[in-house]
Amino acid sequence: MSSVRPIASKPELEQTALAETRRGWRRAFAKLSFRTKLLLISTAISLFCLLLASFALATNEYLSLRSLAVSRSLALADVIAANSEAALSFEDQQAARDLLANLRHDSTIDQARLLVNRDDGWLGFADYSRPGAQLQQVELAALKDAAFALDKLHVLRPVMQDGRTIGGIYLQVRLDQIDALLLRFATVTLVLAILTLCLAWLLARRLQGVITAQVTELIDTTQSVRAEKNYSLRSRVLAEDELGELAHGVNAMLAEVESHDRAREKVEHEIRELNEQLESKVRFRTQDLAASNLDLKEAVETLRCTQKQLVESEKMAALGGLVAGVAHEINTPIGICVTVASHLNERLEHLNEAYRRGIRKSELERFVEDSTQAVTMISANLSRAADLVRSFKRVAVDQGSEDRRRFNLASYVAESLIALGPRLKQRFKPVQVELRIEDDLQIDSYPGVFAQIITNLVINALLHAWPEDEGGRILIAARRLGAEVELVVEDDGCGMEEDIRSRVFEPFFTTKRGSGGSGLGLHITFNQVTRQLGGSINCESRPQAGARFVLRFPASSPAAREAGDASRSA
């Protein structure tokens, strides 16, 4: 969709053109030399001052001439009014005309009228008009004494007799003389302005050297320094004003630059000598570094072997805990089976004795009933023991191998927790474990890694979260987030300080050094999550607010995903 640009109005176009013109003048003025700018500014100031003074004088002269014309016209009107009293009293129009005709000797009077005051207003009694004069019509009723209109002065004065107004005299006076005087004054002012402009221009050209000499000297000095790279040059000080201070400042700056330049040359010389010395030292140090690198490689290899042994030790410790769990969990159903079998053997011996002396039907029925219950109990407990052995076997095989398979996370975590049952129950107050894992959450990864992770996190909570005489709660939750899985292991224990929380994944860091803590459990967990599962693990904790471990990893581990892609492509 094309955009339509609005058409600018004429005032906007004029403003835009005016702004462009101003910017053009500014750019042109900025390109002028300093001398030309100084010359133009001084001349413009002189001309402006002259024009301002001339305008003030002209205004004052104009106002004085107008005031003089009003005073003269009012005086003339008063004289005519005094002399026309008799003509108006006797209604002698001829005498009135003769009186007004005398005004022909005054070239400024264009019109004169002698008026009679009637009830319905002013009425003309006698008139005089200069031949060829351009007359203006005026409303006499609104005229008071004197008033200016365009280039005319209108005057109306009353004719008095015995204290009453019997008539009036109206004069229309031309102001040509004032305009002529103003024109002459403007001509003189223009001539003076031209002469002043020329004189100011000449004086500015002759005197600008006093000001620009120091600037010119500074420009020449700086150009020479830039061209020759000779910082020992100095500018002459030709004045003791601000420009002289500027010259002193430039000289001081050049002195500092010269000292810095000498120091730089000295440092460069020292650096060259140091480089020559360093080259020889580098050759010797390179040989030492080569020998040190061999030692470091051997140390790193040793550390890797040690770390691998420590990891295997942790795995074997986990398997040891698994064996303890197997012994404890299977002991109960096996013991029940042994007890029931012993009771069944006793009942069988009683049956043999009863058979030899003659068995009764009630004894046989009681034996059958006891045998049925015993067989049922033995079968149920042996099934329970078989299920436990099967679960322990699967977990043990997973922990001892690095195989990858697809499994249900909820059921596998539950099976892993069975081995930790004795550790959870052997405390003074047991620790409750709550599972909140989606039932259909299937992942394709390393089950043994998950068993070790759950074991390490739960045992870490048992060691650090609560005192021995207190119980608590551990929450294990998991959910699917797109292509990833979020696993949370959270406890309501004592929590951690910030300096401890920030170091929980460091190797050999533990706060229970003498109480069964090795400092490797969480470090191994961190490596398993980040390397084998391709995920991340974070610890969130505050004092008295428990600890929360958040794991995020792909639902299909990186190695498993690559294998799946390879099988599909095949």
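Could you tell me which trypsin sites (Lys or Arg not before Pro) in the stretch 437-531 are loop residues by DSSP with no more than 16 other beta carbons within 10 angstrom of their beta carbon?
Numbers: sites: ARG473, ARG479, ARG480, ARG501, ARG503, LYS512, ARG513, ARG531; in loops: ARG503, LYS512, ARG513.
Of the trypsin sites (Lys or Arg not before Pro), the ones in loops of the stretch 437-531 whose Cβ has at most 16 other Cβ atoms within 10 Å are ARG503, LYS512, ARG513.
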Open item on the list: Apply the Karplus curve 6.51 cos²θ - 1.76 cosθ + 1.60, θ = phi - 60°, to the phi angles in the stretch 181-196 and return the couplings in whole Hz, x for Gly and Pro.
Closed with: 5, 5, 5, 5, 5, 5, 5, 4, 5, 4, 4, 5, 5, 5, 5, 5
Task: For VAL433, distant residues with modelled amide H under 5 Å away - done: ILE474
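Let a ≥ b ≥ c be the square roots of the eigenvalues of the Cα gyration tensor of the stretch 12-78; is it rounded (a/c under 1.5), or, if not, prolate (a/b larger than b/c) or oblate? It would help to have the intermediate numbers written out before the result.
Numbers: a/c = 11.15, a/b = 2.28, b/c = 4.90.
Oblate is the answer for the stretch 12-78, as a/c is 1.5 or above yet b/c matches or exceeds a/b.
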Open item on the list: Net charge within 14 Å of GLU279 by Cβ-Cβ distance, Lys/Arg positive one each and Asp/Glu negative one each, not counting GLU279 itself?
Closed with: +2
Task: Neighbour net charge for GLU346 - beta-carbon separation under 12 angstrom, K R +1, D E -1 - done: -2
Open item on the list: Only sites in a loop by DSSP and with at most 12 other Cβ atoms within 10 Å count here; which GluC sites (Glu not before Pro) in the stretch 36-134 make the cut?
Closed with: GLU91
Task: Efficiency of FRET between GLU139 and ARG118 - r from beta-carbon atoms, R0 25 angstrom, step 0.05 - done: 0.90
- [ ] Step through the residues of the stretch 405-415 one at a time and calculate ³J(HN,Hα) from phi using the Karplus curve (6.51 cos²θ - 1.76 cosθ + 1.60, θ = phi - 60°), rounding each to whole Hz and writing x for Gly and Pro.
- [x] 7, 9, 8, 8, 5, 5, 5, 5, 5, 4, 5
TODO: Per residue of the stretch 492-502, in order, report the coupling 6.51 cos²θ - 1.76 cosθ + 1.60 (Karplus, θ = phi - 60°) as ³J(HN,Hα) in whole Hz, putting x for Gly and Pro.
DONE: 10, x, 7, x, 9, 6, 5, 5, 7, 4, 6
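Which peptide among 223-234, 171-182 comes first, and what is the full order, when sorted by highest mean count of other Cβ atoms within 10 Å? Mind dumping the intermediate values first?
Working: 223-234: 12.2, 171-182: 17.3.
The packing order, highest mean first, is 171-182, 223-234.
Listed highest first by mean packing, meaning other Cβ atoms within 10 Å per residue, what order do 122-135, 258-271, 446-459 come in?
446-459, 122-135, 258-271
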Task: Loop-located GluC sites (Glu not before Pro) in the stretch 435-497 whose Cβ has at most 15 other Cβ within 10 Å (DSSP) - done: GLU438, GLU468, GLU470, GLU497
Task: Formal net charge of residues neighbouring ILE178 (Cβ-Cβ distance under 12 Å; K, R +1; D, E -1) - done: +1
Task: Sequence-distant residues sharing a close amide H with VAL485 (under 5 Å, placed H) - done: PHE553, ALA555
Task: Rg and Dmax of the stretch 19-230, Cα atoms only, in Å - done: 31.2, 109
- [ ] Collect residues whose amide H, placed 1.01 Å from N in the peptide plane, falls under 5 Å from the amide H of GLY495; neighbours closer than 5 in sequence don't count.
- [x] GLN544, ALA545, GLY546, ALA547
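Read-outs throughout are calculated quantities, based only on the coordinates presented, and are distinct from any laboratory measurement. None of these values were measured; they are calculated from a predicted model. Every residue, glycine among them, receives a Cβ derived from its backbone with ideal geometry; neighbour counts consider all protein chains shown.
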